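Structure first, then comments.
The values are calculated or read from the model by the stated rules, or taken from the named source; none is laboratory data. The shown structure was predicted, so the numbers you read here are calculated from the model rather than taken from an experiment. Here Cβ is always computed from backbone atoms with ideal geometry, including for glycine, and neighbour counts include all displayed protein chains.
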Amino acid sequence: MRRSELQRAVAHEFGARGDALIADLTLSTLGHRTAAEALAEGEPAGEIWLALCEEMDVPLSRRHGAGRIEPGRR
């Protein structure tokens, strides 16, 4: 997952509160860092997405492939 895909996935799943979650929510599986801190420290975007999903109880069915542009929509 790329950073842009992470941003799209967060916006799609969490809407207007997505930016606040990235900046403020500490993620236990990432050493109690925020997603923004983890990104700045080089953590892969896909791992951050999964950690955010786990923390926010996003169903497994909405985690895989999130944020990717559909073929033909690029």
Residues within region 17-30 that are in contact with a strand residue (DSSP E or B) (Cβ under 7 Å, 6 or more places away or on another chain), under 11 Å from Glu55 (Cα atoms) and either surrounded by 15 or more Cβ atoms within 10 Å (Cβ to Cβ) or not β-branched (Val, Ile, Thr) (or both), tallied: 2
Index of the failed condition, Gly42 passing every other in (1) out of contact with any helix residue (DSSP H, G or I) (no Cβ under 9 Å at 6 or more places or on another chain); (2) modelled with pLDDT under 95: (2)
Residue list for region 1-30, restricted to those being closer than 13 Å to Arg62 by Cβ and either outside any helix (DSSP H, G or I) or of a type in the set (A, V, I, L, M, F, W, C) (or both): Ala9, Val10, Phe14
Subset of region 31-68 that is among the charged types (D, E, K, R) and not in a helix (DSSP H, G or I) - its residue that is surrounded by the fewest Cβ atoms within 10 Å (Cβ to Cβ): Asp57
Scan of region 4-17 for residues that are closer than 19 Å to Ala40 by Cβ and under 9 Å from the mean Cα position of the chain (by Cα), ordered by number: Glu5, Leu6, Gln7, Ala9, Val10
Pairs where the first residue, in region 47-74, is modelled with pLDDT of 85 or more and the second is surrounded by 10 or more Cβ atoms within 10 Å (Cβ to Cβ) and part of a loop (DSSP other than H, G, I, E, B), C-beta under 7 Å, 6+ apart: Trp49/Met1; Trp49/Ala66; Leu50/Arg63; Cys53/Arg63; Glu55/Leu25
